[in-house]
Amino acid sequence: MSKAGTLSSPDRVRRGGFTLIELTVTLLLITIIVGITLPKIGDAIYSTNLKHSVRQLRALITLSRSKATLERMPRRVVCDMAKGEIRIEREMRDEGEGEVVYTYEPDASLMMRTYRLPDGVKIEDVIGETGDKETSGTAYLRIATNGLVTGNFIHLRKGDEQYTLYINPLTGRVKIEEGYREEFRVTGQE
């Protein structure tokens with residue numbers, strides 16, 4: 001410092017900020033880093049939607065089975081492939097004039113709302129209560145009051161990625177496998 005309170009010439013340059021070259025190099029490095037990581041983040045988000053859907057469906061089916069056995073009222077899992085929705089309905093029994101009529105109504109409990117698949121995730125097909133593979137329209141999996149499940153495969157897809165949900169007809173356990181599977185070997189560990 002030459003005089004009290006004034007700065008010499010080299011001190012003034014140090015406090016002036018960044019040079020154009022320093023800013024350009026910094027922006028170039030940020031661009032390279034984003035260019036490398038953004039596709040990986042996009043793939044992770046893309047895959048996460050499908051994995052999240054698979055986990056949500058497992059929870060929905062498990063909860064439906066529990067409610068069917070606890071309340072002694074059959075349920076059915078309704079897979080609407082055109083809308084990309086899965087909902088739970090409960091069976092209503094109406095006895096009138098010597099005839100029993102079964103109808104279904106939406107399960108109104110808070111946890112049993114309709115689940116809509118995220119954009120891009122679709123139900124590829126369902127092997128439902130009839131044992132046939134349904135690829136369009138609506139397919140059903142029935143859950144009896146003793147916990148038995150009729151219909152046991154739901155295949156979900158997003159792009160090239162696929163997942164199979166297998167519902168064990170006896171135990172109701174939902175097994176998730178990556179890829180497309182049409183049969184499972186039941187072992188003692190399930």
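Quick note: the coordinates plus some simple rules give every number you see, no bench work behind them. Small disclaimer: the values here were computed from a predicted structure and weren't measured. Ideal geometry is used to build each Cβ from the backbone, glycine not excepted, and the neighbour counts take in all protein chains shown.
Looking at the range 134-164, which of its residues are small (Gly, Ala, Ser) and either touching a Leu at 6+ places or on another chain (Cβ under 6 Å) or part of a loop (DSSP other than H, G, I, E, B) (or both)? Of everything in the range 134-164, those that are small (Gly, Ala, Ser) and either touching a Leu at 6+ places or on another chain (Cβ under 6 Å) or part of a loop (DSSP other than H, G, I, E, B) (or both) turn out to be SER136, GLY137, ALA144, GLY147, GLY151, GLY159. Considering only residues in the range 91-113 that are surrounded by 14 or more Cβ atoms within 10 Å (Cβ to Cβ) and outside any strand (DSSP E or B), the one that is nearest to the chain's Cα centre (by Cα) turns out to be MET112.
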